[in-house]
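Visitor: One structure coming up, written as structure tokens, with questions to follow.
Read-outs throughout are calculated quantities, based only on the coordinates presented, and are distinct from any laboratory measurement. All values reported here derive from a predicted model rather than from experimental measurement. Cβ: placed from backbone, ideal geometry, glycine included. Neighbour counts: every protein chain shown.
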Amino acid sequence: MSILKKLFGFKTTQSNVIKVLNPNDFKTQITNKKVQLVDVRTPNEFQSGHIKGAKNIDAFSGTFNKKCNTLNKEEPIYIYCRSGARSKQASKRLEALGFKEVYDLKGGISNF
């Protein structure tokens, strides 16, 4: 443990719930399967193109938690955004909401 971690209490714990998948693994896991696939971009971004079968739940909307609470927390959820930053934040929120398995697309849809 570094001195900074001791002095300032920095945590480097990794989540057992959130897994970041490279585009190939993400595609393999969602192809030809019924999965909970969520695009956390804005509705305008979603309309400009999205992964087939994705549901749009804007990570920055005031209804994000409410809409996510309608999904099955026991089933894996696959999420993505444009570049990976919003989905990373959204993953943490989903974990806090009680989701058991969250799969985040590394680099977002622009890397897909």
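Visitor: Residue by residue, what Karplus-based ³J(HN,Hα) values in Hz, rounded to whole numbers, does the range 61-74 have, using 6.51, -1.76 and 1.60 with θ = phi - 60° and x for Gly and Pro?
Guide: 7, x, 9, 3, 4, 4, 5, 5, 5, 7, 8, 7, 6, 8
Visitor: Report the semi-axes of the equivalent ellipsoid for the chain in whole Å, largest first, where each axis is √(5λ) for an eigenvalue λ of the Cα gyration tensor.
Guide: Semi-axes, largest first: 26, 16, 15 Å.
Visitor: Continuing with the same structure: Search the structure for amide H atoms under 5 Å from the amide H of Ile79, placed 1.01 Å from N in the peptide plane, and list their residues when 5 or more places away or on another chain.
Guide: Val38, Tyr103, Asp104, Leu105
Visitor: Looking only at Pro23, Pro43, Pro76, which one moves most when the chain is put into a Gaussian network model with springs between Cα atoms under 10 Å?
Guide: Looking only at Pro23, Pro43, Pro76, the largest GNM fluctuation is found for Pro43.
Visitor: For the chain, build the charge dipole from Cβ charges (+1 Lys, Arg; -1 Asp, Glu) around the Cα centre, then report which of Asn22, Ile109, Gln89 sits farthest towards its positive end.
Guide: Among Asn22, Ile109, Gln89, the one farthest towards the positive end of the dipole of the chain is Gln89.
Visitor: Taking 0.36 nm per residue of sequence separation and subtracting the Cα-Cα distance, how much length would be gained by fully extending the chain between Leu71 and Lys52, in nm to one decimal?
Guide: Values: separation 19, 0.36 × 19 = 6.84 nm, distance 1.80 nm.
This chain segment gains 5.0 nm when fully extended.
Visitor: Test of understanding: what is the full-extension gain from Val35 to Asn111, defined as 0.36 nm times their sequence separation minus their Cα-Cα distance?
Guide: 25.3 nm
Visitor: What percent does the relative contact order of the chain come to when contacts are Cα pairs within less than 8 Å and at least six residues apart? Kindly include the intermediate steps, with their values, before the conclusion.
Guide: Values: 173 pairs, mean separation 36.3, N = 112.
32 percent.
Visitor: Sticking with this one: Show me the ranking of peptides 64-71, 95-102 by mean Cβ neighbours inside 10 Å, starting with the highest.
Guide: Most protected by this proxy first, the peptides run 95-102, 64-71.
Visitor: Looking at Gln47, Thr31, Tyr78, which one has the Cα that reaches farthest to the positive end of the dipole of the chain (charges on Cβ: Lys, Arg +1; Asp, Glu -1)?
Guide: Tyr78
Visitor: With the chain treated as a Gaussian network of Cα nodes joined by springs under 10 Å, which of Asp39, Asp25, Asp58 yields the largest mean-square fluctuation?
Guide: Among Asp39, Asp25, Asp58, the largest mean-square fluctuation in the Gaussian network model of the chain belongs to Asp25.
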